[in-house]
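Working notes for the structure below.
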Amino acid sequence: MVVPHHATGARLARHRLAGELADVVPPALLADLVAVLAELVGNAVRHADPLPGGVVRVAWRLRSGTDGQTVQLRVTDGGSVSGPLMRPSTPDSIDGRGLHIVSGLSSRWGVERDGLGQSVWAEFDPTGSPRPDLVVAG
């Protein structure tokens with residue numbers, strides 16, 4: 001789906017994801033998916049250029065495996081000068097926690113760049129075990 005490169009884009013993406021996956025994944029996983037998608041879209045709007053047409057592309061994919069379903073979220077934007085980075089934050093920090101949330105809730109996440117922009121993705125392992133590693137492909 002495409003959403004506007006605007007704060008309302010995160011809300012639209014969250015609602016669509018929740019509506020489509022509510023009967024497919026457990027409630028706790030759905031809550032994590034919604035939180036991570038909101039962070040990824042919010043970061044795209046705040047820190048990256050839009051895709052042509054002033055939009056951000058949002059996608060999710062479910063894959064069945066022997067351990068259960070793996071869910072991948074992907075947000076594609078027009079890219080930025082510097083890619084997504086986890087910044088140190090303190091309890092008094094106003095911002096800078098978004099990718100820490102993504103890392104803590106997902107099994108893994110990463111960034112892929114091409115000539116059109118960048119995609120930030122987060123994957124959720126069916127075993128529920130987060131692996132906070134960053135995979136950058138370029």
task = Please list the non-local residues whose amide H lies under 5 Å from the amide H of His5, H modeled 1.01 Å from N, same-chain partners needing a gap of 5 or more.
result = Val55, Val56
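Over 18 Å, how big is the tail of the calculated P(r) for region 35-83, in percent of all Cα pairs? Spell out each step's value before the answer.
Numbers: 444 of 1176 pairs.
Tail fraction, whole percent: 38.
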message = Please list 3J(HN,Hα) in residue order for region 42-51, calculated via the Karplus relation 6.51 cos²θ - 1.76 cosθ + 1.60 where θ = phi - 60°; whole Hz, with x for glycine and proline.
response = x, 5, 4, 5, 7, 10, 10, 6, x, 6
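How large is the Kirkwood hydrodynamic radius of region 23-62, counting all unique pairs of alpha carbons, in Å?
Details: mean 1/r = 0.0864 Å⁻¹.
In region 23-62 this quantity evaluates to 11.6 Å.
Bear in mind these aren't lab numbers, they're just calculated from the coordinates by the rules spelled out. What you are looking at is a predicted structure, and each value in this text was computed from that prediction instead of being measured.
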